[in-house]
Amino acid sequence: MSYNLQVTIDKSSGFCFGVVYAIEMAEDILNNEGYLYCLGDIVHNDEEVARLTNRGLKIIDHEVLKTLKNEKVLIRAHGEAPSTYQLALENNLTLIDASCPVVLKLQNRIKNSHDDNEQVLIFGKHGHAEVIGLQGQTDGKAIVFQDLAELDHVELPSKFTLYSQTTKSTDKFYHIKDQLLSRGYEVKANDTICRQVSNRYEELEAFVSHYDKIVFVSGKKSSNGKVLYDVCKKYNDNSYFISNVKELDKTWFAENDRVGICGATSTPMWLMENVKAELQQY
(Lines give C-alpha, C1' and ligand atoms only; values in the text may rest on other atoms or scores of the structure.)
Protein backbone atom coordinates (compact mmCIF):
# COMPACT_ATOMS: atom_id res chain seq x y z
CA MET A 1 0.00 0.00 0.00
CA SER A 2 1.10 3.58 -0.60
CA TYR A 3 1.24 5.96 2.37
CA ASN A 4 0.70 9.01 0.15
CA LEU A 5 2.83 11.22 2.44
CA GLN A 6 2.73 15.01 1.92
CA VAL A 7 6.38 16.00 2.39
CA THR A 8 7.73 19.55 2.81
CA ILE A 9 11.31 20.73 3.43
CA ASP A 10 11.76 23.70 5.78
CA LYS A 11 13.07 26.58 3.64
CA SER A 12 15.07 28.12 6.48
CA SER A 13 16.93 24.87 7.28
CA GLY A 14 20.30 23.94 5.84
CA PHE A 15 23.73 25.54 5.79
CA CYS A 16 24.38 28.85 7.52
CA PHE A 17 26.43 31.39 5.53
CA GLY A 18 29.64 30.47 7.38
CA VAL A 19 29.42 26.86 6.20
CA VAL A 20 28.38 27.85 2.65
CA TYR A 21 31.42 30.12 2.47
CA ALA A 22 33.84 27.40 3.67
CA ILE A 23 32.46 24.77 1.27
CA GLU A 24 32.51 27.14 -1.71
CA MET A 25 36.16 27.99 -0.98
CA ALA A 26 37.01 24.30 -0.73
CA GLU A 27 35.18 23.44 -3.97
CA ASP A 28 36.94 26.23 -5.89
CA ILE A 29 40.36 24.88 -4.95
CA LEU A 30 39.34 21.24 -5.51
CA ASN A 31 38.12 22.17 -9.02
CA ASN A 32 41.46 23.82 -9.83
CA GLU A 33 43.97 21.66 -7.98
CA GLY A 34 42.28 18.32 -7.33
CA TYR A 35 43.10 18.18 -3.62
CA LEU A 36 43.11 20.34 -0.49
CA TYR A 37 43.94 19.76 3.16
CA CYS A 38 41.32 20.76 5.72
CA LEU A 39 42.04 21.09 9.43
CA GLY A 40 39.25 19.08 11.09
CA ASP A 41 35.88 18.14 9.55
CA ILE A 42 34.83 20.97 7.24
CA VAL A 43 31.31 20.65 8.65
CA HIS A 44 29.79 18.44 11.37
CA ASN A 45 28.01 16.28 8.85
CA ASP A 46 29.50 12.93 7.80
CA GLU A 47 27.54 12.75 4.52
CA GLU A 48 28.80 16.15 3.31
CA VAL A 49 32.36 15.35 4.48
CA ALA A 50 32.22 12.09 2.47
CA ARG A 51 31.01 13.97 -0.63
CA LEU A 52 33.95 16.38 -0.41
CA THR A 53 36.61 13.78 0.49
CA ASN A 54 35.53 11.91 -2.66
CA ARG A 55 36.40 15.09 -4.56
CA GLY A 56 39.89 15.28 -3.00
CA LEU A 57 39.46 17.01 0.37
CA LYS A 58 41.92 15.56 2.89
CA ILE A 59 40.81 15.98 6.51
CA ILE A 60 43.77 16.28 8.88
CA ASP A 61 44.25 16.97 12.60
CA HIS A 62 46.75 19.23 14.36
CA GLU A 63 49.34 16.42 14.65
CA VAL A 64 49.39 15.92 10.88
CA LEU A 65 49.46 19.71 10.36
CA LYS A 66 52.80 19.84 12.18
CA THR A 67 54.31 17.51 9.56
CA LEU A 68 53.07 19.42 6.49
CA LYS A 69 55.29 21.85 4.59
CA ASN A 70 54.56 24.14 1.61
CA GLU A 71 50.92 23.10 1.30
CA LYS A 72 47.51 24.80 1.27
CA VAL A 73 45.30 24.17 4.30
CA LEU A 74 41.69 25.24 4.77
CA ILE A 75 40.64 26.70 8.12
CA ARG A 76 36.94 25.87 8.49
CA ALA A 77 34.15 28.13 9.76
CA HIS A 78 34.81 27.27 13.43
CA GLY A 79 38.08 29.22 13.40
CA GLU A 80 41.46 28.39 14.96
CA ALA A 81 43.69 29.41 17.84
CA PRO A 82 46.67 31.79 17.23
CA SER A 83 49.11 28.86 17.57
CA THR A 84 47.79 27.40 14.28
CA TYR A 85 48.65 30.60 12.40
CA GLN A 86 52.10 30.62 14.02
CA LEU A 87 52.72 27.02 12.90
CA ALA A 88 51.63 27.90 9.36
CA LEU A 89 54.27 30.64 9.21
CA GLU A 90 56.98 28.25 10.43
CA ASN A 91 56.01 25.48 7.96
CA ASN A 92 55.38 27.77 4.98
CA LEU A 93 51.72 26.72 4.81
CA THR A 94 49.19 28.81 2.90
CA LEU A 95 46.06 29.07 5.03
CA ILE A 96 42.78 29.35 3.15
CA ASP A 97 40.91 31.02 5.99
CA ALA A 98 37.17 30.30 5.93
CA SER A 99 36.65 31.24 9.58
CA CYS A 100 33.10 32.53 10.00
CA PRO A 101 33.04 36.34 10.43
CA VAL A 102 30.79 35.96 13.50
CA VAL A 103 33.41 33.68 15.10
CA LEU A 104 36.31 35.99 14.12
CA LYS A 105 34.57 38.95 15.71
CA LEU A 106 34.07 36.93 18.90
CA GLN A 107 37.72 35.80 18.93
CA ASN A 108 38.77 39.42 18.65
CA ARG A 109 36.54 40.55 21.53
CA ILE A 110 37.77 37.73 23.77
CA LYS A 111 41.38 38.60 22.95
CA ASN A 112 40.73 42.27 23.87
CA SER A 113 39.14 41.25 27.19
CA HIS A 114 42.10 39.00 27.96
CA ASP A 115 44.58 41.74 27.01
CA ASP A 116 42.71 44.04 29.45
CA ASN A 117 43.40 41.46 32.19
CA GLU A 118 39.74 40.47 32.55
CA GLN A 119 38.98 36.90 33.65
CA VAL A 120 37.08 35.39 30.69
CA LEU A 121 34.31 32.78 31.10
CA ILE A 122 33.04 30.98 27.99
CA PHE A 123 29.68 29.20 27.95
CA GLY A 124 30.43 26.48 25.42
CA LYS A 125 31.02 22.81 24.71
CA HIS A 126 34.30 21.36 26.00
CA GLY A 127 36.58 20.27 23.18
CA HIS A 128 34.46 21.89 20.47
CA ALA A 129 36.57 23.31 17.62
CA GLU A 130 35.17 26.82 17.98
CA VAL A 131 35.69 26.80 21.75
CA ILE A 132 39.32 25.65 21.41
CA GLY A 133 39.91 28.59 19.05
CA LEU A 134 38.28 30.99 21.51
CA GLN A 135 40.27 29.67 24.46
CA GLY A 136 43.43 30.07 22.40
CA GLN A 137 42.85 33.85 22.37
CA THR A 138 43.43 33.83 26.15
CA ASP A 139 46.52 31.54 26.20
CA GLY A 140 44.20 28.87 27.60
CA LYS A 141 43.30 30.98 30.66
CA ALA A 142 39.56 31.31 29.90
CA ILE A 143 37.25 29.13 31.99
CA VAL A 144 34.99 27.02 29.76
CA PHE A 145 31.78 25.54 31.15
CA GLN A 146 28.82 23.69 29.63
CA ASP A 147 26.45 24.26 32.51
CA LEU A 148 26.37 26.22 35.76
CA ALA A 149 26.98 23.23 38.03
CA GLU A 150 30.56 23.05 36.72
CA LEU A 151 31.29 26.46 38.24
CA ASP A 152 30.32 25.30 41.76
CA HIS A 153 33.82 23.88 42.21
CA VAL A 154 35.70 26.77 40.60
CA GLU A 155 37.26 29.65 42.51
CA LEU A 156 35.88 32.63 40.57
CA PRO A 157 37.01 36.22 40.98
CA SER A 158 34.36 38.73 42.11
CA LYS A 159 34.15 40.21 38.59
CA PHE A 160 34.58 38.60 35.20
CA THR A 161 33.53 38.80 31.55
CA LEU A 162 31.09 36.25 30.16
CA TYR A 163 31.02 35.14 26.53
CA SER A 164 29.21 32.38 24.66
CA GLN A 165 30.03 29.97 21.85
CA THR A 166 28.16 31.37 18.81
CA THR A 167 25.72 28.44 18.46
CA LYS A 168 24.43 28.29 22.06
CA SER A 169 20.85 29.03 23.09
CA THR A 170 20.24 32.74 23.85
CA ASP A 171 17.69 31.85 26.56
CA LYS A 172 20.22 29.66 28.32
CA PHE A 173 22.93 32.34 28.06
CA TYR A 174 20.75 34.99 29.69
CA HIS A 175 19.60 32.52 32.35
CA ILE A 176 23.26 31.82 33.22
CA LYS A 177 24.02 35.54 33.33
CA ASP A 178 21.09 36.17 35.73
CA GLN A 179 22.11 33.26 37.94
CA LEU A 180 25.68 34.54 38.23
CA LEU A 181 24.47 38.07 39.02
CA SER A 182 22.15 36.68 41.72
CA ARG A 183 25.16 34.97 43.30
CA GLY A 184 26.71 38.40 43.78
CA TYR A 185 29.28 38.40 40.97
CA GLU A 186 29.94 41.46 38.86
CA VAL A 187 29.31 40.11 35.36
CA LYS A 188 30.13 41.86 32.11
CA ALA A 189 28.07 39.81 29.66
CA ASN A 190 28.62 39.76 25.90
CA ASP A 191 25.89 38.10 23.88
CA THR A 192 27.85 36.82 20.89
CA ILE A 193 25.35 34.21 19.75
CA CYS A 194 24.86 34.03 15.99
CA ARG A 195 21.42 35.37 15.09
CA GLN A 196 21.25 33.17 12.04
CA VAL A 197 21.31 30.24 14.45
CA SER A 198 19.12 31.69 17.22
CA ASN A 199 16.44 32.80 14.71
CA ARG A 200 16.18 29.16 13.65
CA TYR A 201 14.63 28.31 17.02
CA GLU A 202 11.61 30.53 16.39
CA GLU A 203 11.37 29.51 12.73
CA LEU A 204 11.46 25.82 13.68
CA GLU A 205 8.90 26.29 16.41
CA ALA A 206 6.50 27.73 13.80
CA PHE A 207 7.40 25.10 11.18
CA VAL A 208 7.06 21.89 13.21
CA SER A 209 3.59 22.68 14.54
CA HIS A 210 2.10 22.34 11.02
CA TYR A 211 2.99 18.66 10.53
CA ASP A 212 1.94 15.23 11.81
CA LYS A 213 5.54 14.00 11.79
CA ILE A 214 8.92 15.73 11.72
CA VAL A 215 12.13 14.24 10.33
CA PHE A 216 15.13 16.19 11.62
CA VAL A 217 18.30 15.55 9.61
CA SER A 218 21.67 16.25 11.20
CA GLY A 219 25.13 14.87 11.86
CA LYS A 220 25.52 13.25 15.28
CA LYS A 221 28.49 15.56 16.06
CA SER A 222 26.60 18.81 15.48
CA SER A 223 26.04 20.76 18.74
CA ASN A 224 23.63 22.99 16.90
CA GLY A 225 21.78 19.90 15.64
CA LYS A 226 21.19 18.64 19.19
CA VAL A 227 19.77 22.00 20.29
CA LEU A 228 17.53 22.37 17.23
CA TYR A 229 16.25 18.80 17.51
CA ASP A 230 15.24 19.55 21.12
CA VAL A 231 13.20 22.49 19.79
CA CYS A 232 11.44 20.14 17.32
CA LYS A 233 10.71 17.60 20.03
CA LYS A 234 9.40 20.27 22.39
CA TYR A 235 6.82 21.57 19.90
CA ASN A 236 6.09 18.32 18.06
CA ASP A 237 6.41 15.08 19.98
CA ASN A 238 6.45 13.05 16.76
CA SER A 239 9.94 14.26 15.80
CA TYR A 240 12.63 11.81 14.65
CA PHE A 241 16.40 12.43 14.42
CA ILE A 242 18.27 10.84 11.50
CA SER A 243 21.72 11.34 10.00
CA ASN A 244 21.05 9.69 6.64
CA VAL A 245 18.31 8.12 4.53
CA LYS A 246 19.11 4.59 5.78
CA GLU A 247 17.98 5.54 9.31
CA LEU A 248 14.38 6.26 8.18
CA ASP A 249 11.82 3.81 9.58
CA LYS A 250 8.55 3.24 7.71
CA THR A 251 6.72 2.38 10.96
CA TRP A 252 6.98 6.04 12.07
CA PHE A 253 4.43 7.08 9.46
CA ALA A 254 0.74 6.60 8.76
CA GLU A 255 -1.32 7.05 5.59
CA ASN A 256 -1.71 10.67 4.39
CA ASP A 257 0.68 12.01 7.06
CA ARG A 258 1.94 15.55 6.55
CA VAL A 259 5.69 15.27 7.08
CA GLY A 260 8.06 18.19 7.66
CA ILE A 261 11.80 17.82 7.02
CA CYS A 262 14.26 20.18 8.71
CA GLY A 263 17.92 20.20 9.72
CA ALA A 264 20.87 21.84 11.42
CA THR A 265 23.05 24.69 10.15
CA SER A 266 25.48 21.93 9.08
CA THR A 267 22.91 19.85 7.13
CA PRO A 268 23.24 20.04 3.33
CA MET A 269 20.06 20.68 1.33
CA TRP A 270 20.86 17.73 -1.00
CA LEU A 271 20.62 15.38 2.00
CA MET A 272 17.18 16.71 2.96
CA GLU A 273 16.12 16.36 -0.71
CA ASN A 274 17.22 12.69 -0.62
CA VAL A 275 15.16 12.12 2.53
CA LYS A 276 12.13 13.71 0.85
CA ALA A 277 12.56 11.53 -2.27
CA GLU A 278 12.73 8.39 -0.10
CA LEU A 279 9.61 9.34 1.90
CA GLN A 280 7.69 9.92 -1.33
CA GLN A 281 8.42 6.31 -2.31
CA TYR A 282 6.49 5.04 0.74
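The values are calculated or read from the model by the stated rules, or taken from the named source; none is laboratory data. Bear in mind the structure is a predicted one, so any value in this text is a computation, not a measurement. Ideal geometry is used to build each Cβ from the backbone, glycine not excepted, and the neighbour counts take in all protein chains shown. Only protein heavy atoms, including side chains, enter the accessible area calculation; ligands, DNA and RNA are left aside. Shrake-Rupley method; radii C 1.70, N 1.55, O 1.52, S 1.80 Å.
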Protein accessible area in the chain, 1.4 Å probe - carbon and sulfur %: 48 percent
Semi-axes of segment 17-99 from the Cα gyration tensor (sqrt of 5 times each eigenvalue, largest first, whole Å) come to 19, 14, 12
What do the square roots of 5 times the Cα gyration tensor eigenvalues come to for segment 102-193, in whole Å, largest first, as semi-axes of the equivalent ellipsoid? 18, 15, 12
Calculate I(q)/I(0) for segment 2-149 by the Debye formula, one identical point scatterer on each C-alpha and no solvent, and give its log10 at q = 0.19, 0.21 Å⁻¹ to two decimals. -1.18, -1.33
Out of the GluC sites (Glu not before Pro) in segment 137-186, which ones are loop residues according to DSSP with at most 11 other C-beta atoms within 10 Å? GLU155
State the label only: which of (i) 16.3; (ii) 25.9; (iii) 13.4 corresponds to mean projected area of the Cα convex hull in nm² computed from the shown model? (i)
So how far, in whole Å, is the C-alpha centre of segment 227-282 from the one of segment 73-105? 35 Å
Burial ranking of peptide ranges 268-280, 60-72 (average Cβ count within 10 Å, highest at the top): 268-280, 60-72
Candidates per trypsin sites (Lys or Arg not before Pro) in segment 80-154, loop by DSSP, up to 10 other Cβ within 10 Å: LYS141
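Can you pick out the pairs among LYS66/LYS111; LYS66/LYS105; LYS66/LYS221; LYS226/LYS246; LYS141/LYS221; LYS105/LYS234 whose Cα atoms lie more than 29 Å from each other? If you can, show how the numbers build up before the last one.
Numbers: LYS66/LYS111 24 Å; LYS66/LYS105 27 Å; LYS66/LYS221 25 Å; LYS226/LYS246 20 Å; LYS141/LYS221 26 Å; LYS105/LYS234 32 Å.
Flagged as over cut-off: LYS105/LYS234.
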Considering only C-alpha atoms, what is the centroid distance from segment 138-163 to segment 4-52, in Å? 34 Å
So how do 228-236, 128-136 stack up, highest first, on mean other-Cβ count within 10 Å? 128-136, 228-236
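By average Cβ neighbour count within 10 Å, what is the ranking of 74-83, 11-20 from highest down?
Values: 74-83: 22.8, 11-20: 19.0.
Those peptides, ordered most packed to least, come out 74-83, 11-20.
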Translational diffusion coefficient of segment 139-282 at 37 °C, 0.692 mPa s, Stokes-Einstein with Kirkwood Rh over Cα pairs, in µm²/s as a whole number. 189 µm²/s
Coarse-grained scattering of segment 95-155 at q = 0.16 Å⁻¹, given as base-10 log I(q)/I(0) from a Debye sum over alpha-carbon atoms: -0.52
Restricting the calculation to Cα positions, tell me the Rg (one decimal) and the Dmax (whole number) of segment 52-122 in Å. 14.4, 46
So what is log10(I(q)/I(0)) for segment 228-278 at q = 0.17, 0.22 1/Å, when the Debye sum runs over its Cα atoms only? -0.55, -0.94
With angles folded into 0 to 90 degrees, how steeply does helix 223-235 sit against the dominant principal axis of the chain? Use alpha carbons for both and round to 10. 50 degrees
Mind checking which aspartates and glutamates have their Cα closer than 13 Å to the Cα of LYS11? Skip sequence neighbours fewer than 8 apart in that chain. GLU203, GLU273
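Keeping every protein chain present and rolling a 1.4 Å probe, give me the accessible area per residue for the chain in Å². Walk me through the numbers before you get to the answer.
Numbers: 13400 Å² over 282 residues.
Value returned for the chain: 48 Å² of accessible area per residue.
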